[in-house]
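What follows is a short report on a single structure.
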Amino acid sequence: MLSYHTKLEKAITVADTILEQQTAEKDTQLPRAYLAASAIVTLIAGYALLAGEAAASTLSPLTWALTMLSILPLVVAQLALGHPQTWLWLRARTRGILRVEQRWMLLPIGCYLLGGLAMGRFDPYATAVYVAGVFITIGTLAQADRGYPRMMWTDTTFWVFLWIPFDFRWNYDLWYGLDDLAYAWWAVMLTVVAVYGYGVLRDFPGLGYRLIPRWLDVEVALLATAGFAAIAIPVGLAIRFLTFPPTATPHLSLILLQFVGLFLTVAIPEELFFRGILQNGLNKHLRNPRLALMLASLAFGLMHWNNADAVIDRLAYAGLATVAGLFYGWAYERSDGLLAPILCHTLVDLIWRFGFQ
C-alpha cells in the first residue's frame with residue numbers, strides 16, 4: 001500500500017498538472033474584451049475609410065456592404081494581432097503549413113475576392129499572382145528558424161517583396177476592387193500578413209507589435225511629437241515647404257476620423273516595416289543601436305522622395321522624413337514597442353494635414 005506521504009505527493013502532482021493545463025488554456029484563449037473593442041474601432045474605421053471617398057457615395061447598398069466586408073475583417077485581424085494572447089492562441093493551434101497557416105491565408109484571399117465581387121470584376125491572372133504571393137510569403141516564413149535572434153536573408157527578402165511594390169503602387173494592378181480603396185486595403189492587408197508571418201510564425205524577436213496602450217507609450221509619443229515639431233515646423237516654414245495658417249478649419253469629427261484612418265493605414269504599416277522589422281533587424285545584425293537608427297531613418301526618408309514633384313520639394317520632403325524617422329526610431333527604442341512611434345507618426349501626419357499646407 002502507498003504511504004500517506006506518497007499519496008499526498010501524487011495528489012499535489014495531479015493538482016499542479018491540472019493547474020498548469022488550466023493556466024495554459026487561459027493564456028491561449030482569445031482576449032474577448034479586446035476583440036470587442038477592436039470590432040467597435042473597426043466599424044469607425046470602415047466609416048473613416050469610405051466616408052471621404054467620392055466614389056463610395058455612388059455605391060449601391062449591396063456593393064457598399066461587400067466593399068466593407070473586403071476590408072473590415074482585415075482591420076479586425078490587424079487590431080486583434082496587437083494583443084499578445086492572440087499570438088499565443090494562434091501558436092497553440094499551429095500544426096504546420098498544411099493546417100493553420102493555410103486557413104489563415106483564406107482571410108486575405110477571401111477579402112481580396114470580395115473586393116472584386118463588390119465591383120463585378122474578376123481577373124484570373126491577377127488573382128493567381130496574388131494568391132501565390134500570399135502562399136509564398138506565409139509558407140516561407142513559417143519554415144524559417146522560429147525565434148532566431150538575427151535578421152536572416154528570408155527576412156530581408158520578404159521585407160523588400162512586401163514593401164517595395166506597395167510603396168511604388170505596383171501592386172495596384174492586382175487590385176480589382178473599389179479603386180479609391182486600393183491604398184487602404186493594401187496597407188491593412190500587408191500589415192496582417194507581415195505581423196502573422198514575422199510575429200506569430202517567424203517569432204522575430206523585438207518586433208514590438210503591441211497595440212495595448214500604456215502611459216509610457218503616450219508619454220514617449222508626445223515627447224517625440226513635440227521634439228520633431230520643434231525642428232520641422234521652423235525649418236519647413238523657413239524653406240517654404242510648409243505654409244501657415246491653413247485655408248480652412250476642419251470639424252472635430254473629421255479630425256477624429258482622419259486620426260483613425262492615418263493610424264491604421266499609414267502609421268501602423270510604416271512603423272511595422274521600418275522600425276519593427278528594419279531598424280530592429282539592423283540593430284541585431286550590426287549590434288549598434290545608433291547606426292541602426294540612422295540607417296532605418298535614412299531609408300524611411302528616401303521612401304518619401306517620390307512624394308513631391310520639384311527637386312527642392314523632394315529634398316525637403318526626404319530630409320524632414322529622415323528627421324521624423326529619427327524621432328520615431330527613438331520612440332520605438334525608448335518604449336520597447338511600436339505603439340509609441342505609431343501614435344507619434346499619426347499625430348505628426350495629423351498636424352501636418354490640418355495645421356499646415
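Taken together, the values in this text are just the output of simple stated rules run on the coordinates, not laboratory data. In this text, all values refer to a predicted model and were calculated from it rather than measured experimentally. Methodologically, a virtual Cβ is constructed for each residue, glycine included, from the backbone with ideal geometry; neighbour enumeration extends over all protein chains shown.
Report the FRET efficiency, 1/(1 + (r/R0)^6), for F244 and R169, where r is their Cβ-Cβ distance and R0 is 41 Å, rounded to 0.05.
Working: r = 30 Å, r/R0 = 0.74.
Given R0 = 41 Å and the Cβ-Cβ separation, E is 0.85.
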Using a simple spin-label model with points 7 Å from Cα along the Cα→Cβ vector, what separation in nm is obtained for A36 and F356?
4.3
Two-site FRET efficiency, L286 against L69, from Cβ-Cβ distance with R₀ of 35 Å, rounded to 0.05:
0.20
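With r as the distance between the Cβ atoms of D336 and V129 and R0 = 41 Å, compute the FRET efficiency 1/(1 + (r/R0)^6) and round to 0.05.
The formula returns an efficiency of 0.60 here.
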Excluding the sites themselves, what is the longest stretch of the chain that contains no trypsin sites (Lys or Arg not before Pro) in a DSSP loop with at most 15 other C-beta atoms within 10 Å?
1-92
Label assignment, Cα Rg over 2.2 N^0.38 Å derived from the structure, set (i) 1.17; (ii) 1.10; (iii) 1.00
(ii)
